[in-house]
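The values are calculated or read from the model by the stated rules, or taken from the named source; none is laboratory data. As the structure is a prediction and not an experimental result, all values here were calculated from the model. Counting neighbours? That spans all protein chains shown, and the Cβs are built from the backbone with ideal geometry, glycine included.
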Amino acid sequence: MHESYIPYPEGHGLNGARSALAEKLGRLTGKECHLETPVPGLWLNKCTAPTEPASYMHEPSICLVAQGAKRVLLGEDEYRYDAHHSLITSVGLPVVSQVTEATEETPYLGLKLKLDLRMVAQLMVDSNLPVARAQQAQRGIAVSEVSLPLLGAFLRLLDLLDTPQDIPILAPLVQREIAYRLLVGSQGPRLRQIAAAGSHSHQIARAIDWLKLNYTQQLRVDDLAAHTGMSTSSFHHHFRALTAMSPLQFQKWIRLHEARRLMLMDHLDATSAALQVGYESASQFSREYSRLFGAPPLRDIKRLHQMAQLETAQLGN
């Protein structure tokens with residue numbers, strides 16, 4: 001067996017596993033800030049200083065930190081995690097994230113692995129894991145303590161980056177083990193609720209998928225509730241419980257971020273971008289854009305271009 005498959009020094013337990021994870025992430029990232037790996041759905045991150053808050057759609061995933069700390073905001077709720085804690089999201093959620101602890105000497109080192117909920121559902125069947133009983137509606141995001149078996153599985157997944165020829169065969173097996181560790185851990189009931197067809201959480205997850213695909217359309221909440229098989233009042237309650245916002249607020253978030261991408265990447269003007277994502281009023285778009293991003297569209301996009309140019313210049317030095 002390849003020597004890199006030793007996940008951590010014998011007898012060193014959690015501390016040894018955390019040290020091994022930090023060493024591997026530091027070596028694999030090198031000078032990269034965000035590294036997409038050959039393992040499908042696995043991203044590595046490195047920061048040498050705290051970052052500005054950034055908003056994005058956080059897909060179903062698990063995030064680990066080997067060094068430093070990070071915080072994620074969902075609505076008014078804050079979730080902090082570090083080398084002792086993981087962050088798990090069971091549905092796609094619009095969040096604001098920020099690295100809070102990082103220096104040149106001790107950089108932030110972390111990873112994110114996308115969760116395949118279809119695989120999770122199949123694993124529930126294969127392992128005879130029961131569907132979680134209906135519980136009080138809860139957020140689709142949580143922080144948990146990191147277990148030694150989970151760290152060991154992630155170390156084996158990172159080991160595969162040194163033997164890329166093994167990734168197609170072995171990566172799915174290790175990812176399946178990671179999903180199993182999550183299902184039998186403290187956040188298992190949350191994942192099982194999402195993955196189980198017919199549960200309220202699963203129905204809301206379907207609604208979120210619909211919103212992400214159809215954000216330009218006029219939203220009729222009654223119709224979307226009926227599409228998921230729920231009453232309008234129940235749909236509102238469970239949607240807000242899972243996402244910390246209403247369906248209309250969720251759609252607005254998607255529209256504004258897509259408009260920002262169109263202006264930044266495709267060089268559309270604000271009015272054209274607003275119309276393309278479903279806005280009928282340019283003034284309403286500008287007001288809501290400023291409220292979310294802290295500046296009107298033109299000024300915000302100019303600032304983003306300047307930041308990109310500065311980062312490019314720094315990488316060239």
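Going by the conditions given, is residue 216 outside the structural domain of residue 56 (by TED's automatic domain parsing), in contact (Cβ under 8 Å) with a residue 60 or more places away in the chain and surrounded by fewer than 17 Cβ atoms within 10 Å (Cβ to Cβ)?
Taking the combined requirement at face value, the residue satisfies it.
Using the structure shown, decide if residue 192 is at negative phi and buried (at least 20 other Cβ atoms within 10 Å of the Cβ).
The answer is yes for residue 192.
Can we say residue 234 is over 23 Å from the mean Cα position of the chain (by Cα), at pLDDT below 95 and part of a helix (DSSP H, G or I)?
yes
Taking the condition at pLDDT 95 or above, closer than 30 Å to residue 27 by Cα and crowded, with 19+ Cβ neighbours inside 10 Å, does residue 165 pass?
no
Given the options 90, 86, name the one that is modelled with pLDDT under 95 and among the hydroxyl-bearing types (Ser, Thr, Tyr).
One residue alone meets the criteria, 90.
Just checking: which of the strands (runs of 3 or more DSSP E) contained wholly in region 17-78 hold 3 or more residues that are at pLDDT below 95 and under 28 Å from residue 120 (Cα atoms)?
54-58
Considering only helices (runs of 4 or more DSSP H) fully contained in region 103-213, which possess at least 1 residues that are without any contact (Cβ under 8 Å) to a residue 12 or more places away in the chain?
117-126, 167-183, 200-213
I want to confirm something. Restricting to region 26-62 and keeping residues that are closer than 17 Å to residue 105 by Cα and either polar (S, T, N, Q) or not assigned by TED's automatic domain parsing to the domain that holds residue 74 (or both), which single residue is farthest from the chain's Cα centre (by Cα)?
Looking at residues that are closer than 17 Å to residue 105 by Cα and either polar (S, T, N, Q) or not assigned by TED's automatic domain parsing to the domain that holds residue 74 (or both), I get 48.
Name the single residue that is surrounded by the most Cβ atoms within 10 Å (Cβ to Cβ) among those in region 237-276 being under 23 Å from the mean Cα position of the chain (by Cα) and outside any helix (DSSP H, G or I).
The qualifying residue surrounded by the most Cβ atoms within 10 Å (Cβ to Cβ) is 244.
Could you list, in sequence order, all residues of region 65-77 that are out of contact with any helix residue (DSSP H, G or I) (no Cβ under 6 Å at 6 or more places or on another chain) and surrounded by 15 or more Cβ atoms within 10 Å (Cβ to Cβ)?
65, 68, 69, 70, 71, 72, 73, 74, 75
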